[in-house]
Amino acid sequence: MRRKRVPASPLPQRDGIDAVRLRLPEDPEGVWPTVGAYLLGRYGAAVGAERIGAMLDAGRFVGADGRAAAASEPYETGRWLWFHRDLAPEERVPFEIGVVYRDERILVADKPHFLATTPRGRHVTETAVARLRAGLGLPALQPAHRLDRLTAGLLLFVVRPEDRGAYQLLFKERRVRKEYEAVAPYDPGVELPVTVRSRIEKERGVPAAREVPGEPNAVSRIELVERIGDAFGRYRLLPETGKTHQLRVHMNALGLPILDDPLYPVVREDGPEDHRRPLRLLARTLGFSDPFTGEERRFTSRLSLSGPG
């Protein structure tokens, strides 16, 4: 049996963020006689019954036809509703996101440090995808991959939803050539270049990833590009895999933790972020064969990493 197609959202994005979509589930016991009863049951404990009532009174829950749903309307299994969440204020990341390249299919952006790729947790509007959607008028824009919030550099976005799978597959099948740059301590006792292979695991809710015994699932090549004074160096990092925090974990394992890393080797206590001291890690280049045209693409970040100090 074919699934029914999900209707398009009747609500436009707000600050680059889609409206929340929900479908009324089956209710064989008749627990929810009305739309209002269901919404109170689902969201009342989280945001308060008064708030849900006020949203209903204001017409903020709408159906596929764009008509506001009334609290007293009879419950209807399978009905679609949309609404915009009330978002907490976010501190603006004081750096702009640059556009390196754009055509009808893709957009390559230069993400600054401290800006998340996509909405998650307390970072919603202060994300690369939200800023680009709102700023460029591209509501369907989606990332083909992700960068850590603290890492700066190149991010590939897909303009049209129907093209996204082809570009995501490039990353899944490791057909994207990625080069990173980092500033970290210099240690003459560490023989470079070196290829690091290890097994990395990241537990949900735990800030730092860790290396564990077992079959390697993370591979990185580390090269020294130049010395910076006596104590630091500039490094080229070439990941063959894409595990969470992989480059940060591997540099730390070599005894060369990336400068101003708040997690490795020691997890820093929560507190205000110092935007003057970003993690010195940059996604420098991105290369791949375009899945639609076969053209060889190579992009280079316009950002730069400062040295220690």
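Bear in mind that the values in this text are calculations on the coordinates, not laboratory data. Not measured: the values here are computed from a predicted model. Every residue, glycine among them, receives a Cβ derived from its backbone with ideal geometry; neighbour counts consider all protein chains shown.
5 Å is the cut-off here: which amide hydrogens, built 1.01 Å from N in the peptide plane, fall below it relative to GLY98, excluding neighbours closer than 5 in sequence?
Here the answer is ASP110, since their amide H atoms fall under 5 Å of that of GLY98.
Only bridges whose two residues both fall in the chain count here: according to DSSP, what percent of them are antiparallel, nearest 5?
Looking only at bridges with both residues in the chain, the antiparallel portion is about 95 percent.
Between GLU273 and ALA37, what is the spin-label point distance in nm, taking each point 7 Å from the Cα along the Cα→C-beta axis?
With each label point 7 Å from Cα toward Cβ, the separation is 4.5 nm.
Return the long-range amide H neighbours of LEU150 (sequence gap of 5 or more, or a different chain), with a cut-off of under 5 Å between placed amide H atoms.
PHE114
How large is the Kirkwood hydrodynamic radius of the stretch 153-309, in angstrom, based on all distinct alpha carbon pairs?
Numbers: mean 1/r = 0.0587 Å⁻¹.
Hydrodynamic radius (Kirkwood, Cα pairs) of the stretch 153-309 is 17.0 Å.
Considering the dipole of the stretch 159-203 built from charges on the beta carbon (Lys and Arg +1, Asp and Glu -1) around the Cα centre, which of VAL190, GLN168, TYR180 is farthest to its positive end?
Of VAL190, GLN168, TYR180, it is GLN168.
Using +1 on the beta carbon of Lys and Arg, -1 on that of Asp and Glu, and nothing else charged, what's the dipole of the stretch 196-235 about the Cα centre, debye to 20? Present the calculation step by step, with values, prior to reporting the outcome.
Details: 8 positive and 7 negative charges, 21 e Å.
Roughly 100 debye, rounded to the nearest 20.
Scan around ASP18 for amide H atoms under 5 Å from its own, H built in the peptide plane at 1.01 Å from N, and keep only partners 5 or more places away or cross-chain.
none
Find the centroid of the Cα atoms in the stretch 164-193 and in the stretch 233-306, then give the distance between the two in whole Å.
First find each Cα centre; the distance between them is then 8 Å.
Can you give the FRET efficiency to the nearest 0.05 for ASP57 and ASP187, using r as the Cβ-Cβ distance and R₀ = 51 Å?
The formula returns an efficiency of 0.20 here.
Taking Rh as the Kirkwood radius, which is the inverse of the mean 1/r over Cα pairs, what is the Rg/Rh value for the stretch 22-141?
1.10
Straight-line reach from LYS243: which aspartates and glutamates fall under 16 Å, measuring Cα to Cα and dropping same-chain residues less than 8 apart?
Counting by Cα, and skipping residues close in sequence, LYS243 has these aspartates and glutamates nearby: ASP148, GLU173, GLU179, GLU201, GLU203, GLU211, GLU215.
Projected area of the stretch 225-291, taken from the Cα convex hull and averaged over every viewing direction, in nm²?
Numbers: hull surface 26.8 nm².
Quarter of the Cα hull surface area: 6.7 nm².
Per DSSP H run of n ≥ 4, the term is -39500 (n - 2.57); total these for the chain, divide by its residue number, and report the mean residue ellipticity at 222 nm rounded to 500 deg cm²/dmol.
It comes out at -5000 deg cm²/dmol, rounded to the nearest 500.
For the chain, build the charge dipole from Cβ charges (+1 Lys, Arg; -1 Asp, Glu) around the Cα centre, then report which of PRO278, THR125, VAL93 sits farthest towards its positive end.
About the Cα centre, the residue reaching furthest to the positive side is THR125.
Restricting to DSSP loop positions (anything but H, G, I, E, B) with no more than 12 other Cβ atoms inside 10 Å of their own Cβ, which trypsin sites (Lys or Arg not before Pro) remain in the stretch 112-164?
Sparse-neighbourhood loop trypsin sites (Lys or Arg not before Pro): ARG122.
Highest mean first, what order results for 90-99, 283-292 on Cβ atoms within 10 Å? Could the numbers behind the result be given before it?
Working: 90-99: 13.8, 283-292: 17.2.
Put in order of decreasing packing, that is 283-292, 90-99.
How about the stretch 127-185: which GluC sites (Glu not before Pro) there are in a DSSP loop, with at most 11 other Cβ atoms within 10 Å of their Cβ?
Taking the stretch 127-185 and a limit of 11 other Cβ atoms within 10 Å, the loop GluC sites (Glu not before Pro) found are GLU173.
So which GluC sites (Glu not before Pro) in the stretch 231-309 end up in coil per DSSP with only 16 or fewer other C-beta atoms within 10 Å?
GLU240, GLU269, GLU273, GLU295
Highest GNM mean-square fluctuation, the chain, Cα pairs closer than 10 Å: which of LEU11, LEU154, LEU282?
LEU11
How much length would be gained if the chain were fully extended between ALA8 and ARG160, taking 0.36 nm per residue of separation minus their Cα-Cα distance, in nm to one decimal?
53.2 nm
Where in the stretch 272-301 does the label zone of ARG175 land, with the point 7 angstrom along Cα→C-beta and an amide N cut-off under 18 Å?
Zone members listed by number: 286-299.
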